[in-house]
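The block underneath contains the structure these notes are about, expressed in structure tokens.
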């Protein structure tokens, strides 16, 4: 049986064009339309089967958090209905309902009440919660004396120990110290094995590949894919690149034109590079007019949009005090310490004195890394030795 | 684990609109949250104070002492003036506390509303609930004062009090719901309300007597029911008639010399209007609720 069925849901926000919350300004501008509609979610259907783990992929502003908020009931959809079978616990905002003046014990009861759970039931699970949070000696202290880690631990312990049928998870579980994080991940895996439904919202493709059975991709509020994780990740990346190149529209009167960005490995043009091989990035650009003290910025960006490496090369350190005509700047790396994945390269040219960016090239150049070994992740660390007793 | 088994079949529907019945049912399932929030509010208010709840109870005693002293010096008012005053003040405190705390009940909890799903109506209703707890504490103190001073209340009219409280509760619940949402859209509401409450204090017959306005209205050929347009007046006059007692109609002519039916009629009108207002308030609240997380 389906745990979540959403039919024809959409969400439109009425944004105030000139946000003012005062009555005076409202009265002054009573006539005329001062709101702008923003469609955060376009009409879509969605269903999640009981026991399934669904990933929701999307870049920032794609509507994925809005969708999750609608499912959890924090927001209501503008149209359509969502039917949810079973108890929901969300790991969105842990300990959001805590009051600093009250003790951990009092807050556990209030937090559970926010989830609509009776005092009797929470009393029965209280010991489990305190055990899980590892807060025995502090449970009768006001939570204002807690560290942020303790705070979040207690919030997580409440959410996870209330026997939810559906778990909503936003982004990575960055909770407390590493030992506790591992404990949380184990608990999420256990949830899967117990046949509970999990919805994970993320822009990290790895998470989807590792834990999800199915994934949807949101792009500008539209559901563009609803398929297997691998296929969804591919579609997500295509849209991510599209979004990045949209952002960089070259201005015709820019002082510098970037002609090309060449990606080589050991002098050979390369689209695919083996992990640990050399990498050379060459920026070819032409100055339309003289530019003093030029700087070339090069960065390597992960599929999730995170900058893995960025450097500003001050050309005056390399004998070019001012740009004139066409230049080729090559940055060489002896070995590329990345693992499997597609990586984007972006570049900018600007002058050091003014803050103006002379030219940008984003989202057009990429290379893939193939890793022949068994390690996975992002960074290829050199494993020196393994000792075993 | 039987209740956990029951939750397996629980079905929740999230949609832009829902029926008033569904809305009320949802609030009802969160009744423990309502109770918890009221307890939390009281606990937090008296955290780190030695006397705790006694502060709420001490207020009427203190007011009684101050007003008795001031008016005995001024020579104003009438016999047992402090008791007359308290009848009105205790009701007025409930009204003003509810309104002033409910108006900010959502805006002050913006963090919670943006992050935790629960029926938002619980927030304004809990401020009303804690104002009600204070009311009963003060009422209890007032009762002790009445017994200590051997004041004669009108026993045969006492049954009007629960009806008055019920009517007032409906009215205050509706006001709390509407004010809390309106203040999200226009933050001026809370400041406007503070001013309005000062004015509203004086349009209620608390410090003066109801018959004073009636006599003025008669003298100017205005209809005498005009003051009853203010629903709180109907509640306050009921409290005065019951607690101040028969003396209010006998020689001093503080209240109209009519039977209990007059008070009952007033209360039933207030209750009827309040039910309509409450249904409207729930409908309005439901419409706005789904966007609160975004507007805040």
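Each value in this text was obtained by applying a stated rule to the coordinates, not by laboratory testing. Keep in mind the model is a prediction, meaning the values are calculated, not measured. All Cβ positions, glycine included, derive from the backbone under ideal geometry; neighbour counts span all protein chains shown.
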Item to check | Antiparallel bridges, percent of DSSP beta bridges restricted to the protein assembly as shown (to nearest 5) | outcome: 80
Checklist entry - Using the Cα gyration tensor of chain A, with a ≥ b ≥ c the square roots of its eigenvalues, what is the shape: rounded (a/c below 1.5), prolate (a/b larger than b/c) or oblate (neither)? => result prolate
Checklist entry - What's the FRET efficiency of residue A:210 with residue B:151 using the Cβ-Cβ distance as r and R₀ = 45 Å, to the nearest 0.05? => result 0.05
Checklist outcome for this item: Whole-Å distance linking the alpha carbon centroid of the stretch B:278-296 with that of the stretch B:223-249 is 34
Item to check | Ranked list, fewest to most other Cβ atoms within 10 Å of each Cβ, for B:33, A:308 | outcome: A:308, B:33
Item to check | At R0 = 25 Å, FRET efficiency that the Cβ-Cβ distance of residue B:246 and residue B:65 yields, to 0.05 | outcome: 0.45
Checklist entry - When DSSP assigns beta bridges and you keep just the ones with both residues in chain A, what percent turn out antiparallel, to the nearest 5? => result 75
Checklist entry - Can you give the alpha-carbon Rg of the stretch B:18-295 over 2.2 N^0.38 Å, where N counts its residues? => result 1.07
Checklist outcome for this item: The FRET efficiency for residue B:228 and residue A:340, from their Cβ-Cβ distance with R0 = 56 Å and rounded to 0.05, is 0.10
Item to check | Over chain B: helical MRE at 222 nm, DSSP H runs n ≥ 4 each giving -39500 (n - 2.57), nearest 500 | outcome: -23000 deg cm²/dmol
Item to check | Whole-Å semi-axes of the ellipsoid equivalent to the stretch A:256-370 (Cα gyration tensor, √5λ, descending) | outcome: 26, 14, 12
Next on the checklist: Rounded to whole Å, give me the distance from the Cα center of the stretch A:275-310 to that of the stretch B:108-152.
Outcome noted: 64
Item to check | Structure-based [θ]222 nm, chain A - -39500 (n - 2.57) summed over DSSP H runs of at least 4, per residue, nearest 500 | outcome: -7500 deg cm²/dmol
Next on the checklist: Need the C-alpha centroid separation for the stretch A:64-84 versus the stretch A:44-62, integer Å.
Outcome noted: 12
Item to check | Gyration tensor (Cα) of the protein assembly as shown, equivalent ellipsoid semi-axes in angstrom | outcome: 65, 30, 23
